[in-house]
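*Asks:* Here it is, the structure in full.
Please treat every number below as a calculation from the coordinates, not as lab data. Just so we're clear, the structure is a prediction, and the values are computed from it rather than from any experiment. Every residue, glycine as well, gets a Cβ built from its backbone with ideal geometry; the counts of neighbours run over all protein chains shown.
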Amino acid sequence: MSFTPSDPVPQMKGNKKGRLYLTTHRMIFVNTNANDTLQSFSFPFHTLRGVELEQPIFGANYIKGSVLAEKGGNWNGSAKFKLVFYHGGAIEFGRAMLEAARLSSMHARGPPPPYVAPMGAVYQAPPPAYTPSPAQYGWVPFETFPNAPPAGSVYMTDAPPPYPGVGSYPSAPPDSSGKGAAFYDPASGNLYGAPSAPPFQAPPTYDEATKKNM
């Protein structure tokens, strides 16, 4: 492997020999020369640009492209790279790398927006900001559990379920309006719905329809 950085980086000078490892989010080069100043290098997929697989007539196949520096990566700018496969495997590795990069980009998420502290004092909204209106929860069976259990305790009872008033709604009063009510609101006690449909009548036959037109 060889690098051509945009800014001088002493650790990237010269040719490197080692092993390549492919993960779900990056490609990693590990140097086999323990005396080299560059022992490993990470290629996250989102930092790669212009990756190409070359198959020269004379020489080994290789993969080339450029990589962008990440924050905290001990170098800045960008660098062109060239990975030469002297013992084969460039095509197989290139296909696997492109597939892994494609799958990684499908689930990639951008960094969250930076946190900005609110301006001014922070205080809890006064009531009734978070106080539920009893009219909106008229179906809750308060008569079944009129009192809340003590704080820090768990409500227990020896009576087996089902409990009266739990999981059931108040029954609607008889419909005396003649509107054919379809919904009863227990909070307001009103009936809502459309008028009842007229009785079904069969359409006229062909002979009856043609006689009327004549």
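*Asks:* Could you give each residue of the stretch 49-59 its phi-based ³J(HN,Hα) in whole Hz, using Karplus coefficients 6.51, -1.76, 1.60 with θ = phi - 60°, and x for Gly or Pro?
*Replies:* Listing the rounded values in order: 9, x, 6, 9, 9, 10, 10, x, 5, 10, x Hz.
*Asks:* Using 1/(1 + (r/R0)^6) with R0 = 45 angstrom and r between the beta carbons of residue 82 and residue 119, what's the FRET efficiency to the nearest 0.05?
*Replies:* Once the sixth-power term is evaluated, E becomes 0.30.
*Asks:* Would you mind checking which residues have amide H under 5 Å from residue 27's amide H? H placed 1.01 Å from N; only 5 or more apart, or other chain.
*Replies:* The answer is 43, 45.
*Asks:* Also, I was wondering about something else. FRET efficiency for residue 39 and residue 106, Cβ-Cβ distance as r, R0 = 35 Å, nearest 0.05?
*Replies:* On the way: r = 32 Å, r/R0 = 0.91.
Calculated transfer efficiency: 0.65.
*Asks:* Which of 17/71; 17/64; 16/71 have a Cα-Cα distance over 19 Å?
*Replies:* 17/71; 16/71
*Asks:* What is the gain in length, in nm to one decimal, between residue 99 and residue 57 on full extension, counting 0.36 nm per residue of separation less the C-alpha to C-alpha distance? Let's see the in-between values first.
*Replies:* On the way: separation 42, 0.36 × 42 = 15.12 nm, distance 2.59 nm.
Contour length minus Cα-Cα distance gives 12.5 nm.
*Asks:* As an exercise, identify the chymotrypsin sites (Phe, Trp or Tyr not before Pro) in the stretch 65-98 lying in DSSP coil whose Cβ has no more than 14 other Cβ atoms within 10 Å. Could you put the intermediate results ahead of the total?
*Replies:* Numbers: sites: 75, 81, 85, 86, 93; in loops: 75, 85, 86.
Hits after loop and neighbour filter: 86.
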